[in-house]
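To keep things clear, I will list the structure first and then write my remarks on it.
Every number in this text was worked out from the coordinates using simple rules, so none of it is lab data. No experiment lies behind these values; they were computed from the predicted model shown. All Cβ positions, glycine included, derive from the backbone under ideal geometry; neighbour counts span all protein chains shown.
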Amino acid sequence: MLNQFSRTELLLGKEAMERLSKARVAVFGIGGVGGYTVEALARCGVGTIDLIDDDKVCLTNINRQIIATRKTIGKYKVDVMKERILEINPKAVVNTHQCFFTPETADQFDFSEFDYVVDAIDTVAGKIELVIRSQEKNTPIICCMGAGNKLDPTRFEVTDIYKTSVCPLAKVMRKELKARGVKKLKVVYSKEPAHKPSDDMSISCRSHCVCPPGTARKCTAKRQIPGSTSFVPPVAGLIIAGEVIKDLSNID
């Protein structure tokens, strides 16, 4: 029967679509990368999606985040994303978690409940904890490396963490994961060297923070305010979604 996912079913087949409808995917970080990952998962018919993020939509998110508009500024990202998913697929189950994922908050999640985990968060400690927790439960995970301060979306690759190069975040992750005995990890990363952002304080969040009231982690607390665009983080997010869909649906 014709439905909103019929065009996808033409390529993946009925059995794959049924597997996707029964799948539960957790996306940690609903920002420039994670938001587009969720968008694609929802439009492919993934039945249950967990959204994990404690941040609110900010004015400076509008340049790159799919949920960010003038109307959504000040709203929790997980709430805006949930509303968007249900407008795409009213039958979807969406679980929201207003949580900043760290080793200290990790016990809030049972990773055995997930069929797939997407890491789209920024902190090294959080990323490592996601990997460890997922692999302990044999839950597939894919991690995004650095997407800020980059301009070439064609430089992204999907590979194992130990085959990465250039990316400073990937270098740190390789070292930390090796020390913890992690033997492999699927990642999306870019070989493009990072560009140095402008130090113009007149357009920097460091001196002109516009975070909505109640924001727990303001930009002024960051060591560096990265530059970003409308076309680099989304590509990373869509690549991640593609890998998740292929793995869950068993499509080569």
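Enumerate the calculated ³J(HN,Hα) couplings along segment 156-171 in order (Karplus 6.51 cos²θ - 1.76 cosθ + 1.60, θ = phi - 60°), each rounded to whole Hz, writing x wherever the residue is Gly or Pro.
My calculation for segment 156-171 gives 6, 9, 10, 7, 7, 4, 7, 10, 7, 8, 6, 5, x, 5, 4, 4 Hz in order.
Which one of Cys144, Leu12, Phe101 is farthest out on the positive end of the charge dipole of the chain, using unit charges on Cβ (Lys, Arg +1; Asp, Glu -1) and the Cα centre as origin?
Toward the positive end, the furthest listed residue is Cys144.
Where does segment 1-150 land on the Kirkwood hydrodynamic radius, alpha-carbon pairs, in angstrom?
Every distinct Cα pair counted, the radius reaches 15.9 Å.
Percent of alpha carbon pairs in the chain separated by more than 27 Å?
That fraction is 35 percent.
Rounded to the nearest 5, what % of DSSP beta bridges with both residues in the chain are antiparallel?
On the way: 6 of 26 bridges.
Counting only bridges with both partners in the chain, antiparallel ones make up about 25 percent.
Run the dipole for the chain about the Cα centre, Lys and Arg Cβ at +1, Asp and Glu Cβ at -1, nothing else charged, and hand back the magnitude in debye, nearest 20.
Approximately 560 debye in magnitude.
Tally Lys and Arg at +1 and Asp and Glu at -1 over the other residues with C-beta under 15 Å from the C-beta of Lys150: what net charge comes out?
0
I need the phi-derived Karplus couplings for segment 239-248: 6.51 cos²θ - 1.76 cosθ + 1.60, θ = phi - 60°, integer Hz, Gly and Pro marked x.
Karplus-based 3J(HN,Hα) across segment 239-248 equals 4, 4, 4, x, 5, 4, 4, 4, 5, 5 Hz.
Cα-Cα over 30 Å: which of Lys127/Lys246; Lys71/Lys137; Lys127/Lys196; Lys137/Lys175; Lys71/Lys150; Lys150/Lys183?
Long pairs (Cα-Cα over 30 Å): Lys71/Lys137.
What number, rounded to the nearest 500 deg cm²/dmol, is the helix-based mean residue ellipticity at 222 nm of the chain, given -39500 (n - 2.57) per DSSP H run of at least four residues and division by all its residues?
-9500 deg cm²/dmol
Which semi-axes, in whole Å and largest first, does the equivalent ellipsoid of segment 81-192 have when worked out from the alpha carbon gyration tensor as the square roots of 5 times its eigenvalues?
Numbers: eigenvalues 125, 75, 32 Å².
The answer is 25, 19, 13 Å, longest axis first.
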